[in-house]
Amino acid sequence: MTAGPGLWITLEGGDGSGKTTQSELLASWLGAQGSTVLRTREPGGSDVGTLIRDIVLHHRGDIAPRAEALLYAADRAHHVATVVRPALERGEVVIQDRYLDSSVAYQGAGRVLDATEVRDLSLWATEGALPNLTVLLDLDPVEARRRLDADDKPFDRLEAEREEFHARVRAAYLALAEAEPDRFLVVDAALPASEIAERVRARVAPLL
Ligand code: TYD
């Protein structure tokens, strides 16, 4: 169930897969087509979300898996209710970096929680809101690591997780895309950014 007359596009993929670049390219193309675009993200796309983001990404030490899943779901509930739904109701295009598929892939990959319960928690949090399109930027975690190492940005808590965890995240994302082919577009994130952007535009154009 989508959340209004607008168009809602989410970007997913591992850390270092190029979501920010693609979000910028898509937003500027849509702007040139005359769309009103809102770019946002999770965690941290709202005022309350900024506080939650600080906890989930920067708290030193462990957060119990269920608490972590609930924090992401709380961020999501407030973000969808106060930012995303209102924009879609105004008929805007929302381009969002990460949504519930991130929770399924990341919190599910911790092995404590299963994919279905994580997804159901997010759907409860957002009253069942699902995007019109989810672009999965699929990248081998070894290549993603190489890209992150090339940046001087300090790693956050999750970026420092083991390689094996990132391989499970990738597999979870691919399984989600396979289960919902109508919602997902999977693009090889090792392609040049301009080529990826072209593929995304081709999928978005008929939705406008
Ligand atoms: P993000 O700000 O997108 O970082 P990056 O630009 O490095 O991809 O996301 C921060 C981290 O939050 C990322 O490692 C994935 C994690 N995350 C979850 O584990 N569950 C979630 O539901 C969301 C939205 C993010």
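From the set of residues in the range 146-165 that are under 19 Å from Asp97 (Cα atoms) and modelled with pLDDT under 80, which is most open to solvent (accessible area, probe 1.4 Å)? Please lay out each step first, then the result.
Going through the range 146-165, the residues under 19 Å from Asp97 (Cα atoms) turn out to be 147-148, 153, 155-159.
Right, trim to modelled with pLDDT under 80 and you get 148, 153, 155-159.
Details: Leu148: 19, Lys153: 121, Phe155: 98, Asp156: 36, Arg157: 67, Leu158: 21, Glu159: 20 Å².
Ranking the qualifying residues of the range 146-165, first place goes to Lys153.
Just checking, which of Arg76, Arg168 is modelled with pLDDT under 95 and closer than 28 Å to Arg66 by Cβ? Sole residue among the options that is modelled with pLDDT under 95 and closer than 28 Å to Arg66 by Cβ: Arg168. On the given criteria, is Asp97 within 21 Å of Val37 (Cβ to Cβ), in contact (Cβ under 8 Å) with a residue 60 or more places away in the chain and open to solvent by 10 Å² or more (accessible area, probe 1.4 Å)? So Asp97 passes the test. Residues that are assigned to a loop (DSSP other than H, G, I, E, B) and within 10 Å of the ligand (Cβ to nearest atom) were ranked within the range 5-26; the one that is surrounded by the fewest Cβ atoms within 10 Å (Cβ to Cβ) is Asp15. Just so you know, in the range 177-193 the residues that are without any contact (Cβ under 8 Å) to a residue 40 or more places away in the chain and in a helix (DSSP H, G or I) include one that is most open to solvent (accessible area, probe 1.4 Å), and it is Glu178.
Scan the range 124-145 residue by residue and report those that are at pLDDT 95 or above and surrounded by fewer than 16 Cβ atoms within 10 Å (Cβ to Cβ). Listed by number, the residues that qualify are Trp124, Glu127, Gly128. If you scan the range 27-54, which residues turn out to be of a type in the set (Val, Ile, Thr) and either assigned to a helix (DSSP H, G or I) or more than 11 Å from Arg98 (Cβ to Cβ) (or both)? Thr36, Val37, Val48, Thr50, Ile52 - these are the residues of the range 27-54 that are of a type in the set (Val, Ile, Thr) and either assigned to a helix (DSSP H, G or I) or more than 11 Å from Arg98 (Cβ to Cβ) (or both).
Out of Arg66, Arg39, one residue alone is open to solvent by 80 Å² or more (accessible area, probe 1.4 Å) and in contact with a helix residue (DSSP H, G or I) (Cβ under 8 Å, 6 or more places away or on another chain). It is Arg39. Listed by position, the helices (runs of 4 or more DSSP H) enclosed by the range 63-176 that each have at least 1 residues that are away from the ligand (no atom under 14 Å from the Cβ) and within 18 Å of the chain's Cα centre (by Cα) are 85-89, 115-125.
The values are calculated or read from the model by the stated rules, or taken from the named source; none is laboratory data. Quick caveat: nothing in here was measured; it's all calculated off a predicted structure. Please note: Cβ atoms are built from the backbone with ideal geometry, for glycine as well, and neighbour counts cover all protein chains shown. Remember, those area values only see protein heavy atoms, side chains included, never the ligands or the DNA or RNA. Shrake-Rupley method; radii C 1.70, N 1.55, O 1.52, S 1.80 Å.
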